[in-house]
Every structure is written in C-alpha cells, then in structure tokens.
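The values are calculated or read from the model by the stated rules, or taken from the named source; none is laboratory data. As the structure is a computational prediction, the values presented were derived from the model and not from experiment. Counting neighbours? That spans all protein chains shown, and the Cβs are built from the backbone with ideal geometry, glycine included.
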Amino acid sequence: MIRWVHVFIDVPAELARDTERFWSAVTGWPTGRRWDHHPEFVTLEPPSGAAAYTHVQTIGGPPRVHLDLVVEPDTSVNTERERIEGLGGTVGERHRWWQVMRSPTGLPFCLTVEHEPLVAPTAPVWPGGHRSRLAQLCIDVPHDDYGPELAFWTGVTGWRRGASRRPEFEFLSPPKGCPVQLLMQQLGATDGATATRAHIDLGTDDVDAEVARLEELGSKQVARVGSWRIMSDPSTGLPYCVTRQRP
C-alpha cells in the first residue's frame, strides 16, 4: 500500500520563482533551500515536527502537476516498480532515490521510499478564523479511458474507493496520516483530452473566505461548480480548486 503522497508543481525555469512565492503564500509554508545535488527542487516547509509534501520542480517543459508515491518502508522501489508495471504503468528513468513512471494514459509519477515517521501538518488558521490546506489531488482522465485508469490507480495505491455525489468523480481514500486524498475525475466527452493530467484541490472550512484570500494573492476565479470554485494559478495559469474537503 502507498503510505504517503508528495505533490510536485513542475514549471519552466522562468516561472519557478513566482510559483514558489505563490504556493508558499497559499500554503503558509516558507520555501526551503534547494535540494542537495538536485537544485531543480524546492520544498515548502511546514512547521517543525511535520513532514513536507508540497514541492516545486524546475523542468524543461510546460507547467504541470505530478505526484510521488511513498511505498511502505519494508518494500523496495524496484519491487513496486515491477508490480506497477504489471498493472500497466510505464517505466521511465531510474534515479538513486526514486523511480520515474507513467500511468497507462500518460500521467507522470514517481516511486520512492522513506523510512522515518511521516507526520502530516495541520491546516493553518488565516486572519478571520478560517482554515485551508492542500488536501487533495484530482486526477483528470480522458472520458473513454476512465475505467482502466481508475482500476490502475486503485491497484497502485491499494486505497479504498468511495463514490461521490457526482457520477464523474470517485475518491481513493488514503491510510490514516497521509495528507493527500486522490480524487478521480472522468472528463467530459467533449473535453478533447488525450492524456491524463492532475490538478491541486485545496480543502477549507470557508470557501468564500478562502477564495477572497487567494484573490488577494493574485489568483482569479475561473468558474463556480456546485460547492467548489475553479481558480487559476497566477504564476503558471494552471487550474486548481477550492473545495469543502476537510482541511
């Protein structure tokens, strides 16, 4: 079973600093120093005692979001790679600490292992009293590929599936202590997507107050759908959502 999820916001070099500043303000977590031997990575550092799970990566392509999956400490990355390849995943470049892979319809992700305890950070309380936190990653799947891709991610994570009120969504609920839930979304038949992509969802106990806070940070509301709002990241143009998920 996957025990932890890291969220990576991947951006070209010219957008990296603005992206780091924006998501640092969104999360309330300062940017740490660049990784040793991998200066393309910067981590947003939660309060002491909590484990980080949000990062910005400089890449040589357009902005996107990807996830890293942390396997159980007694399971090797190589073993999980072979298992997930058997489920339909594509194997990419092998690094010392992680394995690059892709889902059957193209979403990049990595496998890694961490042996120390992982403690999820609590949600910050903003002026006015509301809370918010990056609580969910939504995997957006082309309409005709949804069934196989849902089966793939269910098999990869080993997480429990849960139905949503809306038929195009289904939850994958993580084990206790993991900071990020996965939401699978079947895109509309007219969306035109040919590959699976991902976007960030913030969870909050006051959607209106959180949207107002994000607009002060330069974000724009793109649409209102039911109880959630679709926003635009001012640094990259990537969409993300504000939801009523528990922060």
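All of Glu85, Glu20, Glu93, Glu114 fail the test of being in contact with a strand residue (DSSP E or B) (Cβ under 7 Å, 6 or more places away or on another chain) and crowded, with 20+ Cβ neighbours inside 10 Å, apart from Glu20.
Could you please let me know if Trp159 is assigned by TED's automatic domain parsing to the domain that holds Leu202 and touching a residue at least 40 places away in the same chain (Cβ under 8 Å)? Considered against the rule, which asks whether it is assigned by TED's automatic domain parsing to the domain that holds Leu202 and touching a residue at least 40 places away in the same chain (Cβ under 8 Å), Trp159 comes out as yes. Quick check on my filter: what residues within segment 219-241 are touching a residue at least 60 places away in the same chain (Cβ under 8 Å) and closer than 16 Å to Val65 by Cα? Of everything in segment 219-241, those that are touching a residue at least 60 places away in the same chain (Cβ under 8 Å) and closer than 16 Å to Val65 by Cα turn out to be Asp233, Pro234, Ser235, Thr236, Gly237, Leu238, Cys241. When we screen Gly158, Gly203, Gly162 for residues that are under 19 Å from the mean Cα position of the chain (by Cα) and surrounded by 14 or more Cβ atoms within 10 Å (Cβ to Cβ), the only hit is Gly203. Put simply, of Leu111, Leu150, Leu172 the only residue that is closer than 26 Å to Val225 by Cβ and assigned to a strand (DSSP E or B) is Leu172. Entry remark, segment 61-78: residues being closer than 19 Å to Ala198 by Cβ and without any contact (Cβ under 8 Å) to a residue 60 or more places away in the chain number 2 in total. Considered as a group, the residues in segment 83-128 that are touching a residue at least 12 places away in the same chain (Cβ under 8 Å) and of a type in the set (Gly, Ala, Ser) include one that is nearest to Arg197 (Cα to Cα), and that residue is Gly106. Checked against (1) within 22 Å of Glu72 (Cβ to Cβ); (2) assigned by TED's automatic domain parsing to the domain that holds Leu69; (3) surrounded by fewer than 19 Cβ atoms within 10 Å (Cβ to Cβ); (4) in contact with a strand residue (DSSP E or B) (Cβ under 7 Å, 6 or more places away or on another chain), Phe171 meets all criteria but (2).
Checking the condition modelled with pLDDT under 95 and outside the structural domain of Thr196 (by TED's automatic domain parsing), which residue from Thr75, Thr58 passes?
After ruling out the rest, the residue left standing is Thr75.
Is at least one residue of segment 87-103 modelled with pLDDT under 95, part of a loop (DSSP other than H, G, I, E, B) and under 20 Å from the mean Cα position of the chain (by Cα)? Yes - at least one qualifying residue is present in segment 87-103.
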